[in-house]
1. List pairs: first in the stretch 49-63 and closer than 14 Å to ILE32 by Cβ, second part of a loop (DSSP other than H, G, I, E, B) and among the acidic types (Asp, Glu), Cβ under 9 Å, 6+ apart or cross-chain?
2. Out of (1) within 12 Å of the chain's Cα centre (by Cα); (2) open to solvent by 30 Å² or more (accessible area, probe 1.4 Å), what's the single condition that is false for GLY44?
3. I want to confirm something. Restricting to the stretch 68-89 and keeping residues that are in contact (Cβ under 8 Å) with a residue 40 or more places away in the chain, of a type in the set (Ser, Thr, Tyr) and crowded, with 20+ Cβ neighbours inside 10 Å, which single residue is farthest from ASN15 (Cα to Cα)?
4. Restricting attention to the stretch 1-35, which residues are open to solvent by 60 Å² or more (accessible area, probe 1.4 Å), out of contact with any strand residue (DSSP E or B) (no Cβ under 6 Å at 6 or more places or on another chain) and within 20 Å of GLY77 (Cβ to Cβ)?
Amino acid sequence: LFLSLTPTDGNAGSNSVLNCGQSSTTLAGNPITVGTATWSQVSGPNTAIFSDVNIPNPEVTGLIPGEYIFRYLVSAGPNSQDSFSDTYVTYAT
């Protein structure tokens with residue numbers, strides 16, 4: 001028997017533009033009361049490094065110029081509809 005709940009709506013925060021030379025940023029996910037949240041990288045010019053994918057506000061480092069998409073996914077069980085939100089981080093050249 002698996003219990004599945006309706007997860008808290010994930011909100012990955014506002015899109016951001018990094019200044020030239022700023023190769024890291026802190027993501028701004030909302031606190032989760034129901035479910036478990038996980039960050040992932042959807043796209044980007046290289047693979048970013050997360051300080052911890054299981055916290056709302058991880059630091060992301062190792063960025064190079066280009067546009068990244070990061071996804072904040074919230075799941076509350078195998079039978080629940082996941083909630084997710086994407087944020088765009090642009091590292092200007």
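1. Short answer, once both residue conditions are applied: PRO58/ASP52.
2. Here GLY44 meets the rest and fails (1).
3. Among those residues, the one meeting the criterion is SER83.
4. LEU1, PHE2, LEU3, LEU5, THR6, PRO31, THR33
The values are calculated or read from the model by the stated rules, or taken from the named source; none is laboratory data. Because the structure is predicted, anything quoted here is derived from the model rather than measured. Every residue, glycine as well, gets a Cβ built from its backbone with ideal geometry; the counts of neighbours run over all protein chains shown. With ligands, DNA and RNA removed, areas are computed over all heavy atoms of the protein, side chains included. Shrake-Rupley method; radii C 1.70, N 1.55, O 1.52, S 1.80 Å.
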